[in-house]
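Undergrad: After the structure tokens below, expect a handful of questions from me.
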Amino acid sequence: MLLILVFLYGITLGSFYNVVGLRVPVNESIVKPRSHCPNCNHTLTASELIPVLSYVLLRGKCRRCKAPISPFYPIVELATGIMFMTAPIIMGWSQELIIAWTLISLMVIIFVSDIHYMIIPDKVLIAFSVIFFAERFYHPLTPWWDSLIGALIGFTLLLVIAIVSKGGMGGGDIKLFAVIGLVIGMKLVLLSFFLSTLFGAVFGIAGMAIGKVKKGKPMPFGPYIALGTITAYFFGESILRWYIDIL
Ligand SMILES: [Zn+2]
């Protein structure tokens, strides 16, 4: 029962994160105007705003003008719901769960904004830094200063890569890794970076193979950072143990 409730919270928040990720980078308000069809400007009614379900009931089309609605919205909502629900299954109902849900939230917003605009908004990073700072204050890593070292390593590593690669890494990516380091600490921030580049390379090569990604064209790194960080956070300890066993 509780898991279903968490799932419903997740898809509802996912729908909100779509709005945040699409509006904040272009300096639009997240409350006004109400969501509308980009084709005919029809303002969506309550029954058209139910996460996932509305998309299914409307068969992916605007009720008024029948223009197709991007499947991106329900996919993000569903993914957020599934991740919210999976977190307590993996880690139990502990205090850390609040931090897990916050981290998932940030990663969903970054995913949406970076994939659409190649922007990781400062406003979002600042808001989440404040939340994470408070959360890690009450529920610190062991030792507590792992957060500080993690933030420093995340920031420095990405900064050095940005300088060496002459702009291959954006300012948003650098700041984002500082925030990630604060949340997950030194060891996991390094793993997160490794996994992010690995996912980026795999998807990049696969994308080029099917002709979706063009060589030399900049690719948003945020979606892979999101994937890499979520993987490192939930499975990092197991991955590292498995790696040490192989060695
Ligand atoms: Zn329409």
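The values are calculated or read from the model by the stated rules, or taken from the named source; none is laboratory data. Quick caveat: nothing in here was measured; it's all calculated off a predicted structure. Heads up, the Cβs are rebuilt from the backbone with ideal geometry, glycines too, and the neighbour counts pull from every protein chain shown. When the accessible area is computed, the model is the full protein with side chains, heavy atoms only, and any ligands, DNA or RNA have been set aside. Shrake-Rupley method; radii C 1.70, N 1.55, O 1.52, S 1.80 Å.
Undergrad: Find the accessible area per residue for the chain; the probe is 1.4 Å, ligands and nucleic acids are left out, and the unit is Å².
TA: On a per-residue basis, the chain sits at 57 Å².
Undergrad: Show me the ranking of peptides 209-221, 19-31, 3-15 by mean Cβ neighbours inside 10 Å, starting with the highest.
TA: Values: 209-221: 10.9, 19-31: 15.5, 3-15: 17.9.
Final packing ranking: 3-15, 19-31, 209-221.
Undergrad: Moving to a separate point now. Among the aspartates and glutamates, select those whose C-alpha is under 20 Å from the C-alpha of Lys61, and discard any that sit fewer than 8 residues away in the same chain.
TA: Glu48, Glu77
Undergrad: Report, to the nearest whole %, how much of the accessible area of the range 171-217 belongs to carbon and sulfur atoms, 1.4 Å probe, protein only.
TA: Numbers: 1790 of 2420 Å².
C and S fraction of accessible area: 74 percent.
Undergrad: Helix 96-117 versus the longest principal axis of the chain: what is the Cα-based angle in degrees, 0 to 90, to the nearest 10?
TA: So the helix axis and the longest Cα principal axis differ by about 60 degrees.
Undergrad: Under the rule of at least 5 residues apart or a separate chain, name every residue whose amide H is placed under 5 Å from the amide H of Lys61.
TA: Answer set, sorted by chain and number: Ile69.
Undergrad: Follow-up question, since we're still on this one. Bin all alpha-carbon pair distances of the range 138-247 at 10 Å intervals from 0 and give each bin's fraction as a whole percent.
TA: Histogramming the range 138-247 at 10 Å steps yields 15, 41, 31, 11, 2 percent.
Undergrad: In the structure shown, do any of Lys166/Lys215; Lys123/Lys175; Lys123/Lys217 have a Cα-Cα gap over 21 Å, and if so which? Don't skip to the answer; put the middle values down first.
TA: Numbers: Lys166/Lys215 17 Å; Lys123/Lys175 12 Å; Lys123/Lys217 27 Å.
Pairs exceeding the cut-off: Lys123/Lys217.
Undergrad: Still on this structure: Taking the range 1-92, how much of its Cα-Cα pair set, in percent, is spaced more than 18 angstrom apart?
TA: Working: 2036 of 4186 pairs.
Tail of P(r) above 18 Å: 49 percent of Cα pairs.
Undergrad: Still on this structure: Within 10 Å, count the other beta carbons around each residue, average over each peptide in 39-47, 151-159, 91-99, and list them highest first.
TA: Details: 39-47: 11.8, 151-159: 19.9, 91-99: 13.3.
The most tightly packed comes first, giving 151-159, 91-99, 39-47.
Undergrad: Taking amide H positions as placed in the peptide plane 1.01 Å from N, state which residues far from His36 in sequence (5 or more) or on other chains have amide H under 5 Å from it.
TA: Leu44
Undergrad: May I ask for the angle, rounded to the nearest 10°, between helix 171-209 and the longest principal axis of the chain, with both axes built from Cα atoms and the value confined to 0 to 90°?
TA: Approximately 60 degrees, to the nearest ten.
Undergrad: Also, quick follow-up: May I ask for the angle, rounded to the nearest 10°, between helix 146-164 and the longest principal axis of the chain, with both axes built from Cα atoms and the value confined to 0 to 90°?
TA: 80
Undergrad: Beyond 17 Å, how much of the Cα-Cα pair distribution for the range 29-70 remains, as a whole percent?
TA: Numbers: 210 of 861 pairs.
Of all Cα-Cα distances in the range 29-70, 24 percent exceed 17 Å.
Undergrad: Moving to a separate point now. P(r) tail for the chain, what percent of Cα pairs lie past 30 Å? Intermediate results must be reported in sequence, preceding the final value.
TA: Numbers: 9224 of 30381 pairs.
Value for the chain (Cα pairs over 30 Å): 30 percent.
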